[in-house]
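Remarks on the structure that follows.
The values are calculated or read from the model by the stated rules, or taken from the named source; none is laboratory data. In this text, all values refer to a predicted model and were calculated from it rather than measured experimentally. Cβ coordinates were reconstructed from backbone atoms using ideal geometry, including for glycine residues, and neighbour counts include every protein chain displayed. With ligands, DNA and RNA removed, areas are computed over all heavy atoms of the protein, side chains included. Shrake-Rupley method; radii C 1.70, N 1.55, O 1.52, S 1.80 Å.
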Amino acid sequence: MNSASAALLPVNATLGWLLAVLLAGAVVVVAAFRLSPDQDTRRAREVLLAGMRAAVQLLAVAAVIGWVADSPVGLPAFLLMMSAVAMRTAGRRITTDGTWWWAAVPIAGGVAPTVGLLLATGLVPPRGIVLIPVTGILIGGALTATVLCGRQCLAVLHLRHGEVEAALALGMPDRDARLEIARPTASEALVPGLDQTRTVGLVTLPGAFVGMLLGGADPMTAGAVQLFVLIALMAVQAVAVVLTLELIARARLTAPAAHDREPVPRPAWSRWFGRLRWSRPAARAPKPRR
């Protein structure tokens, strides 16, 4: 199957140039249309850094994955590293105050029981070459659901703060008042996973299915593995959304106060990329009439 995978996407200089062109195109489009939430956020720079970071990380993982998969010490360390990075990323995407670390609860609460159940039933053998990709897919799904739920719920609670205050005035507990407002918004975090599951095989062929085919599995086996991944993802994301909503309702995961919001300082190594900011020039003040 090496020849099949090589025919699908040969790894050569052409692939490198094409990746560079696609990444540059994405940066230019985001910058030209100013796809940023505010003037302080540089999405074009984030797109560029994300692409470069992905290349470095995948090269590093490809270099060590063989040793990690067969090492009794490297395997759990690698899984813990994956979880820690996801928790940190989710927490910092949701809030910039000191409550960000609570994002570890929905991610671990969704992934750990699912992986434990798969290992206990024997459906996933305790081998790194199988456990790493399955756990990585589940962690990624929990990360996405946690971030979407956390950001949207905190935003709606801020916008509808008056309704929360009205519910409190009527005698509702703090948790119930926040829950009443945030629950409908939290459910929106399940939409990407639902759409992916509904359209599988009709719109896209996900990575697990294609990977199984390239690995030599028959289409029925590949389809069964992909179905298992999608159902497990929905379960993980549902638990992550529920736990995130509960943390926000109990004010464990909060947004910083308006007077505490300060621009996040950029590291020194990224100052050069700060020049990649395409924004509309400030409007000049009209000259006073004489």
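Those residues that are open to solvent by 40 Å² or more (accessible area, probe 1.4 Å) and more than 16 Å from the chain's Cα centre (by Cα), I need them from segment 77-101; list them, please. ALA77, LEU80, THR96, GLY98, listed by residue number. For segment 188-197, the count of residues that are within 30 Å of ALA69 (Cα to Cα) and either touching a Cys at 6+ places or on another chain (Cβ under 7 Å) or buried (at least 19 other Cβ atoms within 10 Å of the Cβ) (or both) is at least one.
Take the residues of segment 211-232 that are open to solvent by less than 50 Å² (accessible area, probe 1.4 Å) and assigned to a helix (DSSP H, G or I): which is nearest to VAL134 (Cα to Cα)? Per the criteria, the residue is VAL229. Residue pairs whose Cβ atoms lie under 6 Å apart, sitting 6 or more positions apart in sequence or on different chains, and linking a residue in segment 16-32 that is aliphatic (A, V, I, L, M) to a partner that is not in a helix (DSSP H, G or I), are ALA31/TRP278.
Only helices (runs of 4 or more DSSP H) wholly contained in segment 114-199 count here; list those with 1 or more residues that are within 30 Å of PRO76 (Cα to Cα) and without any contact (Cβ under 8 Å) to a residue 12 or more places away in the chain. The qualifying helices (runs of 4 or more DSSP H) are 128-159.
Selection of first residues in segment 53-75 that are under 16 Å from GLY136 (Cβ atoms) and modelled with pLDDT under 85 and of second residues that are among the β-branched types (Val, Ile, Thr) and surrounded by 11 or more Cβ atoms within 10 Å (Cβ to Cβ), restricted to Cβ pairs under 6 Å at least 6 apart or on distinct chains, gives the following pairs, ordered by first then second residue: ALA69/ILE129. Being under 29 Å from LEU247 (Cβ atoms) and open to solvent by 80 Å² or more (accessible area, probe 1.4 Å), is that true of even one residue in segment 23-33? No, segment 23-33 has no match at all. Here ARG42 fits the description: of a type in the set (D, E, K, R) and either surrounded by 14 or more Cβ atoms within 10 Å (Cβ to Cβ) or within 30 Å of LEU245 (Cα to Cα) (or both).
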